[in-house]
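The values are calculated or read from the model by the stated rules, or taken from the named source; none is laboratory data. If you're wondering where the values come from, they're calculated on a predicted model, not measured in any experiment. All Cβ positions, even for glycine, are placed from backbone atoms using ideal geometry, and neighbour counts span all protein chains on display.
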Amino acid sequence: MGTHINLLGACKMQPSMMMTRAIAHTGSEIVQFSRHFGVMAQFGKPPAAMTTTTLNFVKQQKSSDFLAPHRFSISEPLFMVMIPGQSQNARPGFGILEREKNLARSCARVCCCASISGSSSISSSTTQEGRDAAPSSSTLEVGGGSKTSIVPDLLQFLNKSWTPFHATAEAKRQLLEAGFEQLCEEEEWAVQPGGRYFFTRNMSSIFAFAIGQKYKAGNGFHVVAAHTDSPCPKLKPVSAASKAGFLNVGVQTYGSGLWHTWFDRDLSVAGRVIVRRKGVGVVHELVKVERPIMRIPTLAIHLDRTVNTEGFLPNLETHLAPVLATQIKSELLASKSETTSQTEGANGAMYSAKKAHHPLLLQILAEELNCTVEEILDFELSVCDTQPSCIGGARKEFIFSGRLDNLASSFCALRALLDTCEDAASLTDESCIRAVALFDNEEVGSDSAQGAGSPVMFQAMNRITRWLVRETPSEGIVERTIRRSFLVSADMAHALHPNYAERHEDHHQPKLHEGLVIKYNANQRYATNTVTAFLFKEVAKVAGVPTQNFVVRNDMGCGSTIGPILASGIGIRTVDCGMPQLSMHSIREMCGTEDVDIAYNHFKAFYQIFTTIDKQLSVDA
């Protein structure tokens, strides 16, 4: 029997006293506990100065909350780091070691909890100022206890990333903040072992990578790939339309959305705009109008008596056009618009846009961009839901949000790369190249210059590999590198729906909170095979995280991902996986909070240990 230790007693805690993690010292190693299997994970030697490590505490939402006791079963006696709490009224608890760099390297910065009973929830709050407000903490409450979680950061990412352009811009910001160096595809590259780099294409796709200090010619890339786009209506090149005294905005559908879910929502626009700035020239800028400015109203049941018996079947050309304003109100800008159109015709750039789009819409864009209407040359806008992403469910166990498919995967992949490549020292023992690839246009087949169907990833791998071996070139270096590489194609998966359970195959029913779903398809709609699934599951075993399996029913069609496109395009070994979710392609989707952290930890482990795992099995030797 292992020693049992109470992490927290059943006591009333003060607001400053909820702990985020527990770390124990065995005398020779720092240990943290696996949440799912109750096994002890070891991550190297302890810091030399244990007594000088400072403490952090995370606030509770309510000071009246009680913390239930949780017991941790371990296999050997531990010397626990016991430090009294900061509040005079609170009993001693576990100290939380601050995420200092030395300790981070010793403990691999793996979020922890130990085989805890009880349901989980996120404790997060948002400010009333703005829809991008960040949660006040990153604490995941687990049956009264707590653990650090990336879910609050995911919510922030989702609320900022209304379009692929905004998602790429936010990823770029985080990479730069972490010290990654930006490259440009149009310029020469000079990369080196220990370096961390990224580049963007079309400002809607991004490729980031970190080169191991022990890199050798021919070693592979370990890539987690996802996509930045989601189904939505996009404005037509000529969007101005008027019907029955209203100003409508003409849209075209992008991807295979559940379009009926876009009706009766508070909508706005976001995307990119080409602007001519005085003294600067023509620039590419992003815009996001956060207030609701449009709506697609449904027809009252009194005028559509059969809607509940025959179904809601809107015509996507005539019924999906959002209402921007009434014509009477818009006439306030009419005279100004006519004058501008006449004077703009001579310089040629804006006259067509003036006629193509409602002056009222252009005025709103100009206000957001802090420019004049005349300075707006062109734009590419998507219709977006203004409701922010949030935590939901009676036990706060769900995420309700748009664009979970596939920004949730994109964020987990990006965060895992950032947290495993914090600096050159974190790559000391790495002999391969860690990378994340976030593509645009997956929802429409990936056949674009910035999609997975383009050679963008192969071109990057080719340039990086050839530069690193420029002084000692050898035969087939790029081809050998690709064959030693491994791709995790991360795209959201279909969770078992409680009201439509018959739509899943009886023995393959992914559930929320139970880990990444490994996707299989005999007809190669997914790229997973026995070898790639085995290796990815071995990573999960070492990391102490669960996985699930999925195949579609034989009497139903199967979707696909960027996995088969990249696997067939360059010959890279690939596994298809994804977090389980409900309401895929709805304007408002949902997934489980735990699955986000599981995916993040799985991807982190992939980057950290796959080099070792990959040596276990050789197929073509």
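Observations on the model:
- Only one entry in 399, 464 is in a strand (DSSP E or B) and at pLDDT 95 or above, namely 399.
- Pair list, Cβ < 6 Å and 6+ apart or interchain, from the range 395-411 residues that are surrounded by fewer than 21 Cβ atoms within 10 Å (Cβ to Cβ) to residues that are in a helix (DSSP H, G or I): 397/593
- Which numbered condition residue 505 fails, given (1) of a type in the set (D, E, K, R); (2) in contact (Cβ under 8 Å) with a residue 24 or more places away in the chain; (3) under 22 Å from residue 435 (Cβ atoms): (3)
- Within the range 402-433, being more than 16 Å from residue 171 (Cα to Cα) and among the basic types (Lys, Arg) holds for no residue.
- Test: residue in the range 192-202 that is crowded, with 22+ Cβ neighbours inside 10 Å, within 18 Å of the chain's Cα centre (by Cα), under 30 Å from residue 429 (Cβ atoms) and of a type outside the set (A, V, I, L, M, F, W, C): yes
- The residue of the range 350-371 that is modelled with the lowest pLDDT, among those that are surrounded by 15 or more Cβ atoms within 10 Å (Cβ to Cβ) and assigned to a loop (DSSP other than H, G, I, E, B), is 350.
Condition check ((1) part of a loop (DSSP other than H, G, I, E, B); (2) under 17 Å from residue 212 (Cα atoms)) across all residues:
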residue: 418; (1), (2): no, yes
residue: 429; (1), (2): yes, yes
residue: 434; (1), (2): no, yes
residue: 438; (1), (2): no, no
residue: 448; (1), (2): yes, no
residue: 452; (1), (2): yes, no
residue: 480; (1), (2): no, no
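- Complete set of residues in the range 599-621 that are in contact with a Cys (Cβ under 9 Å, 6 or more places away or on another chain) and of a type in the set (A, V, I, L, M): 599
- Subset of the range 251-264 [part of a strand (DSSP E or B) and either crowded, with 20+ Cβ neighbours inside 10 Å or free of Cβ contacts under 8 Å to residues at least 40 places away in the same chain (or both)]: 251, 252
- Residue satisfying all of: in the range 563-592; in contact with a Ser or Thr (Cβ under 7 Å, 6 or more places away or on another chain) and part of a helix (DSSP H, G or I); surrounded by the most Cβ atoms within 10 Å (Cβ to Cβ) among these: 563
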